[in-house]
Amino acid sequence: MKELSIRAISGAVYVLLLIGSLYFQTGLVITLMLFGIISLMEYSKLIKLKGYSQYIIFVILYSLFWYICLYNTGFFDSNEAINILLVVTIFVNLILIKDLFTFKKIPLFETKRYITTTFYLSSGFVFTLLIANFQNVFTPLLLLGSFILVWVNDSAAYLVGKNFGKQKLFPSISPKKTVEGFLGGLFFACIASYFITIYSETLNSTNWLIIAIIVSVLGTFGDLIESKFKRQAGVKDSGVIMPGHGGLLDRLDSIIFAAPFIYLFLRIVSYVS
């Protein structure tokens, strides 16, 4: 009971801090930057990457896309810069998905360590920020809706899997995940997308439904990839900053992996509409 209470309190603090930051653009920028640095510390420990280069790259990349791209300072075409980062990030994420299926252990030579810290983790936070500032307009409900879909998917997947799960989804990496749990998470995320449409008034129901599918499928891949990194490192959690939950990366792995794909979808919608 005590452990459950600690888990509930630490989870509530995390959610309140995140939702509270959505009311202020600067607050969100600072919050996501802090979350990114903490997650990067946890990830660097998982892949045994020492030094400070990855933190410098993160701060430069995050700041660059905030000040130059979002404020359109005129140094270069912000859309072109975002497109380049988007293409490289999605390519790296697809490689990680491939590694999930083709390698018993994800290869982590020195260059790949820096590639993943830059284009898997750092870029994930950049695109999480860009979702909330889509087309240079602060629209926090887009990001809040995406987070709600992640939370609904994760919670439903856990509850359905625990009560009805029989067929393992990826037993070599995450023995507790089941096909039934994945389908349950997908189903309830799709249901939640309908209510997000009603209360957020940002996108139509079809668009939110597609985002729910992106979050459920790609978010699950993000969770599995982080689980594989943890298994390779021989640890259960990425950190201890959230009592009862583990590390901050354990809570954000789904959204930072799905964020580039969500942003790509938003770009497609804005282009065709």
> Could you list, in sequence order, the residues of segment 219-260 that are within 14 Å of residue 149 (Cα to Cα) and open to solvent by 10 Å² or more (accessible area, probe 1.4 Å)?
Replying inline: 220, 251
> So, of the residues in segment 1-40 that are free of Cβ contacts under 8 Å to residues at least 40 places away in the same chain and touching a helix residue (DSSP H, G or I) at 6+ places or on another chain (Cβ under 6 Å), which turns out to be nearest to residue 55 (Cα to Cα)?
Replying inline: 31
> Taking interchain pairs and intrachain pairs at least six residues apart, which have beta carbon atoms under 6 angstrom, with the first residue in segment 87-98 and within 14 Å of residue 258 (Cα to Cα) and the second open to solvent by less than 20 Å² (accessible area, probe 1.4 Å) and not small (Gly, Ala, Ser)?
Replying inline: 89/260; 90/260; 92/120; 96/225
>> If I ask for residues that are assigned to a helix (DSSP H, G or I) and aromatic (Phe, Trp, Tyr), which ones from segment 33-55 would you list?
In response: 35, 43, 55
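For segment 94-202, please list each of the helices (runs of 4 or more DSSP H) lying entirely inside it that holds at least 1 residues being crowded, with 22+ Cβ neighbours inside 10 Å and small (Gly, Ala, Ser). Give the steps one after another, and end with the answer.
Working: elements: 110-116, 123-132, 140-164, 179-200.
Qualifying helices (runs of 4 or more DSSP H): 123-132, 140-164, 179-200.
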> How many residues, within segment 17-32, are assigned to a helix (DSSP H, G or I) and open to solvent by 50 Å² or more (accessible area, probe 1.4 Å)?
Replying inline: 5
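Residue-by-condition table, conditions (1) open to solvent by 60 Å² or more (accessible area, probe 1.4 Å); (2) at pLDDT 90 or above; (3) not hydrophobic (A, V, I, L, M, F, W, C):
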residue: 9; (1), (2), (3): yes, no, no
residue: 15; (1), (2), (3): no, no, no
residue: 62; (1), (2), (3): no, yes, yes
residue: 81; (1), (2), (3): no, no, no
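The values are calculated or read from the model by the stated rules, or taken from the named source; none is laboratory data. What you are looking at is a predicted structure, and each value in this text was computed from that prediction instead of being measured. For neighbour counting, all protein chains shown are included, and Cβ atoms are generated from backbone atoms with ideal geometry for every residue, glycine included. Heavy atoms of the whole protein, side chains included, go into the accessibility calculation; ligands, DNA and RNA do not. Shrake-Rupley method; radii C 1.70, N 1.55, O 1.52, S 1.80 Å.
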